[in-house]
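The next block holds one structure in the form of structure tokens; read it before the comments.
The values are calculated or read from the model by the stated rules, or taken from the named source; none is laboratory data. Fair warning: this is a prediction, and the values are worked out from it, not measured in the lab. Cβ sites come from the backbone with ideal geometry, for glycine too, and all protein chains shown count toward neighbours. The protein model used for the area step is the full one, side chains on, heavy atoms only, and it has no ligands, DNA or RNA in it. Shrake-Rupley method; radii C 1.70, N 1.55, O 1.52, S 1.80 Å.
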Amino acid sequence: MADIRLPRLNATDEEYTLIEWLVGDGAPVEAGTAVALVETSKAAHELVTDDAGILWQRVSAPSACRPGEVVATVGGDERPSPAQQAADPDSITITEPARRLMAEHGVTEAAVRSIGKPVIARSDIEQLVAGQAPSATAERVSVSAAQRRVARTVSTSHREIPAAYAVVKVVADRLTRRLRDEAATIGYVGIPELVVKAIAAQRAQFPLCFARAESDEAATVRPGAHVGVTIDVGKGLYLPVVADADARPLRDIAADLLRFRRAAARGKFTEADLAGANIALALHTEPDVVHAQPFIFPEHTCAVSLASVQRELVLQNDGSVTTSDYFHLGLAYDHRFVNGRSAVAFLRAVKADLEAG
């Protein structure tokens with residue numbers, strides 16, 4: 001018998017999600033076979049067996065699992081004895097922050113089980129301590145593993161980053177014509193692709209907008225503009241990265257974003273896709289969205305937001321009325337490193353690039 005343990009896949013997560021089994025329970029496997037798909041806060045990974053034999057699953061899917069946990073056994077034709085198998089169906093997973101709070105307040109595991117959740121977070125213990133256990137008549141709605149990762153990121157952002165916000169209006173009339181011209185030569189290209197390119201072009205003039213905070217008094221700026229773009233197709237929020245967007249042609253940027261959209265639809269990104277962003281672009285381009293304020297991802301100092309294109313009536317000097325297209329471009333910025341004057345100057349520079357057509 002050989003146990004398959006969940007390896008530590010990154011340095012930041014204490015818990016992963018085993019999304020699905022790629023090999024059925026009791027099915028034969030060869031050494032080197034990918035047997036399960038595991039998702040971290042950054043990417044999806046295939047879990048591979050080093051041994052050949054019969055795969056006996058020891059956890060169900062989807063399940064929250066911790067690094068080092070035995071998730072399967074590869075062995076002979078007989079299923080392992082109950083003592084060798086996974087914990088019983090009534091077992092629960094308690095996150096490390098929740099365990100620390102339990103110890104601090106003397107909360108027992110029996111009390112935690114009364115919550116009725118398979119995964120216990122710090123917020124659940126806080127409710128118990130405050131005497132606010134959920135009502136028996138209330139319906140508990142558990143969020144997905146992907147949304148829990150978003151929640152942790154947002155909480156960290158709001159807790160650690162003193163953010164401010166500015167927004168400008170971008171006239172899109174010339175941009176629309178440019179999109180038609182670009183599409184004729186490189187295939188499909190949309191406003192997000194042009195905005196990524198325009199943001200990246202400001203890297204040399206506004207390096208602190210592409211910085212990483214080290215403390216309240218220092219930040220580091222590495223070479224290149226690596227623009228993370230939010231993508232959410234209903235399977236979780238991801239931030240794949242258009243690397244070196246300041247040095248690459250629009251054709252490459254458009255190809256990257258198309259590839260990212262396809263990966264999001266399958267729910268499968270590589271670690272490389274999601275690593276290395278030093279600024280983020282949050283897309284809110286659904287119809288009727290006129291304004292959106294993004295949160296700043298930890299380790300960034302800025303996040304740009306792109307709203308949808310709107311149409312307005314414009315009164316000309318001769319008294320005639322025409323129509324014009326526009327959209328709002330916002331910048332959430334870490335006020336420790338970027339002041340309002342610089343934030344507005346950054347936005348105006350991006351606006352000028354886009355409006356130049």
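Starting from the Cα coordinates of segment 212-269, work out the convex hull volume and express it per residue in Å³. Write down the numbers at each step before the final one.
On the way: hull volume 5.3 nm³, N = 58.
In segment 212-269, the Cα hull volume divided by residue count equals 91 Å³.
Among 179, 219, 236, flag the residue with its Cα farthest along the positive direction of the charge dipole of segment 157-256, charges on Cβ as +1 for Lys/Arg and -1 for Asp/Glu.
Of the options given, the answer is 179.
Report the normalised scattering of the chain as log10 I(q)/I(0) at q = 0.13, 0.14, 0.15 Å⁻¹, calculated by the Debye formula with identical scatterers on the alpha carbons.
So the normalised log intensities work out to -1.08, -1.17, -1.25.
For the chain, what's the relative contact order in percent, using C-alpha pairs closer than 8 Å and at least 6 residues apart? Write down the numbers at each step before the final one.
Values: 667 pairs, mean separation 56.3, N = 357.
Relative contact order here is 16 percent.
Antiparallel versus total DSSP beta bridges in the chain: what percent is that, nearest 5? Don't skip to the answer; put the middle values down first.
Values: 47 of 57 bridges.
Beta bridges within the chain, antiparallel portion: roughly 80 percent.
Cα to Cα, under 16 Å, and not fewer than 8 places away if on the same chain: which aspartates and glutamates meet these conditions relative to residue 235?
The qualifying aspartates and glutamates are 20, 39.
Counting only heavy atoms of protein chains, what accessible area per residue, in Å², does the chain have with a probe of 1.4 Å?
Dividing the accessible area of the chain by its residue count gives 51 Å².
Return the inverse of the average 1/r over all pairs of distinct C-alpha atoms in segment 314-357, which is the Kirkwood hydrodynamic radius, in Å to one decimal. Can you show the working numbers first?
Values: mean 1/r = 0.0775 Å⁻¹.
Here the Kirkwood hydrodynamic radius works out to 12.9 Å.
Quick one: pull the percent of accessible area on the chain belonging to carbon and sulfur, 1.4 Å probe, ligands and nucleic acids left out. Present the calculation step by step, with values, prior to reporting the outcome.
On the way: 9210 of 18370 Å².
That fraction is 50 percent.
Once label points are set 7 Å from the Cα along Cα→Cβ at both residue 183 and residue 317, what is their separation, rounded to one decimal in nm?
3.3 nm
So for the pair residue 212, residue 14, with labels modelled 7 Å out along Cα→Cβ, what separation do we get in nm?
2.3 nm
Which of 245, 292, 339 sits closest to the plus end of the dipole of segment 225-357, meaning its Cα is farthest towards the positive end, when Lys and Arg get +1 and Asp and Glu get -1 on the C-beta?
So the residue furthest toward the plus end is 245.
Is there a quick way to get the dipole size of segment 109-234? I mean about its Cα centre, with the Cβ of Lys and Arg at +1 and of Asp and Glu at -1; what is the value in debye to the nearest 20?
On the way: 17 positive and 13 negative charges, 63 e Å.
It works out to roughly 300 debye.
Expressed as a rounded percentage, what relative contact order does segment 92-247 have, with Cα pairs under 8 Å and six or more residues apart?
Rounded, it is 14 percent for segment 92-247.
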